[in-house]
1. Going by how many other Cβ atoms sit within 10 Å of their own, how do B:W251, A:W144 line up, fewest first?
2. Fewest to most neighbouring Cβ within 10 Å: what's the order for A:L50, A:L380?
3. Return the sequence-ordered ³J(HN,Hα) values of the stretch A:236-242 in whole Hz as given by the Karplus equation 6.51 cos²θ - 1.76 cosθ + 1.60 applied to θ = phi - 60°, using x for Gly and Pro.
4. Given the Cα-Cα distance of A:V261 and A:K282 and 0.36 nm per residue of separation, how much length would full extension add, in nm?
5. Given H placed 1.01 Å from N in the peptide plane, which residues other than close sequence neighbours of B:T15 have an amide H under 5 Å from its amide H?
6. Pick out, in residue order, every one of the trypsin sites (Lys or Arg not before Pro) in the stretch A:170-206 that is DSSP loop and has at most 11 other C-beta atoms within 10 Å; say none if there are none.
7. How far apart, in nanometres, would the label points at B:E41 and B:T272 be if each is projected 7 angstrom from Cα along the Cα-to-Cβ direction?
8. Under a 10 Å cutoff between Cα atoms, tell me which one of B:S295, B:S325, B:S90 has the largest fluctuation in the Gaussian network model of chain B.
Number of protein chains: 2
Amino acid sequence: MTSEYLPGLAGVPATKSNISSINGEKGILAYRGYDIRELAEKSTFEETALLLLDGHLPTEPELEDFDQQLRAERRLKYRIRSIMKNLPTSGRSMEMLQTAVASLGMFYGGEEVLSDGIAGNDVEYIHSMSVKIISRMSTIVAMWEHIRNGYDPVEPRDDLTHAENFLYMLEGKDPDPLKVKIMDACLVLHAEHTINASTFAAMVCGSTLASPFLVIAAAIGTLAGPLHGGANERVVEMLKEIGRPENASAWLDNKLAKKEVIWGMGHREYKTKDPRAIVLQKMMVEWGETQGNLSSQFETALRLEEACEARLGPKGVYPNVDYYSGILYTEMGIPTDLFTPIFAISRVAGWLAHWREQLSDNRIFRPTQIYTGNESQCYLDMDKR
Amino acid sequence: MTSEYLPGLAGVPATKSNISSINGEKGILAYRGYDIRELAEKSTFEETALLLLDGHLPTEPELEDFDQQLRAERRLKYRIRSIMKNLPTSGRSMEMLQTAVASLGMFYGGEEVLSDGIAGNDVEYIHSMSVKIISRMSTIVAMWEHIRNGYDPVEPRDDLTHAENFLYMLEGKDPDPLKVKIMDACLVLHAEHTINASTFAAMVCGSTLASPFLVIAAAIGTLAGPLHGGANERVVEMLKEIGRPENASAWLDNKLAKKEVIWGMGHREYKTKDPRAIVLQKMMVEWGETQGNLSSQFETALRLEEACEARLGPKGVYPNVDYYSGILYTEMGIPTDLFTPIFAISRVAGWLAHWREQLSDNRIFRPTQIYTGNESQCYLDMDKR
């Protein structure tokens, strides 16, 4: 009861977890012990999600089973589509996602199971809810792009992988294989990152034995904050501000001289290059090589990256995961305001893994406060105030 | 960086706060220094909400202004009603509330303001958002009762107080004055209670500078968990299980002998009687005296209370706030599954006060973990697993 007060609980352990780990000195992020660079190259989102949920790399039948379950849960009830159609098209996409996911809970139920501590043992229930949520969140995000433009959404297909189907629904046509590869790797790379604010919100909400839809809606709300998700959207704005490739170097010098934020640069956890950025950087180069005409914005990004590495690399500040994902998504034609929802359809795997871990050894979160307010006050009638 | 790991962050200070305080030894709960017993008797929900938000008892013009703002923001757009009409009538009311509040964010916007740390100073923005949310949440809950029964909801009136209007919308007729008095006191008594799980979730979500609709939706999701809100619903189930007044004493002895939970009894924060329970107990007696024929369930509750006080009082375990609110709401004809949503339309005042306080000196919540998982694993191809 004598714990020190540390703002933001910085450095305060909030849980024991075996889901992911970061070695900031060496620049390693690992899910269940598996290096993210290896997963991005060799695994898929489906396999990585199951690895996060179950704790081990699946066997072929396990993965096949999970994949079939995901494919079977892609469809969205027309009432949920109606709910989305009633939302203003000018609204923010993360609020749309929170609304739609919260509504899922009313259609798919499940809270009854979560009482009196039996939930932690009910792996089957936890697994089936996880499938429902992971699968439908990508449907919701892809459908929103059509609905907000006034069109009926593209129905999901069950003959495609998770990443393929998401891009198919978004674009309404069979997606380019390299795009699918990049999207799949992005989903793998964003799926988990230890105890950040949105994951922590999921744990706090889950600790009350709230249903998983409520839990994921709470996490979505938290990821939506500009201090958490959304940095890759700022990267795009920054590139627009720079305007042309030849401006990149001078723009950077000017920003650095004024000590202003360079979006997509540096990460508090990593003293060396963010391992996710290394993977995405390779893909960015690969993408650039396959496209005949590079866009001016892409050229600007390459120039800025060079300039940043030269000036900031020696100080341990490198382009991070948001820098490259922002550029890649833009080049792939994805609307800027869907970047954070796409982050969410990946990170939901990590949120659900932490929800499951929380339930396996649950205690409700109830920290204390240091009271700094008034001691006993006397209520004054209105005419005496 | 050497903090001890305490499950659920029990005893770990997560914030400095001047909103409310509990003296568990003396049985005192105070909002901004004002004893809750005095507020329940002399104040109103409107005044108490403003006290929580602004930190001081309002002057007459301040309160008048706030009251007018609340009255002006009661109406719900027909699109939000359409969203509610698309939700399954069998769904849980807290998930309905989370969905509807999340959707409000798309209609009323405001996230733009919350960037780069200016939010904490923008009291006007914070205040106007607080009004929009407090006022509409009670409309949403009252409307849901009609919508889920297949009827068009009752439109709010602007010539009634907050508690009056809520009961009017719920019942579709001018409410009984004693009911209004009890409901108003219940809203005052539930508005704030230091750092519990839902309030903490609001702080975590708010610390990312997420919009207030996202923040309150996260808190609603957390309150919905059976370990947090919902104990007063269990009280009603318990009374049904007991069945008849003459069974109460024997039922209690049996439960105590088996060391089973008695819902609505005891509170971890209070060593003596929960001060909120004292107020509600008086009102329960008052309600009982004004009703000609007491219901069997009400008689059962009175008998169980006597039995509990005799057996558990000497051990410091008394009927708590949930015990009396459950009984009062039942006697007032409120459906059991609206108890937690009614808790939410009161507690939202506290959540918003903590949101505002968080923004005034913000640091994103990012606790750490104790990693207990695998060290580096070698990715195995499928055929080698």
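None of the figures in this text is laboratory data; all of them are computed from the coordinates on show. No experiment lies behind these values; they were computed from the predicted model shown. Quick reminder, even Gly has a Cβ in these numbers, built from the backbone with ideal geometry, and neighbours come from all protein chains shown.
1. Result, fewest neighbours first: B:W251, A:W144.
2. Details: A:L50 27, A:L380 11.
Placing the least packed residue first, the sequence is A:L380, A:L50.
3. For the stretch A:236-242, the Karplus curve yields 5, 4, 4, 5, 5, 5, 5 Hz.
4. Numbers: separation 21, 0.36 × 21 = 7.56 nm, distance 2.47 nm.
Length gained, A:V261 through A:K282: 5.1 nm.
5. A:I370
6. A:K173
7. Inter-label distance under the simple model: 1.5 nm.
8. B:S90
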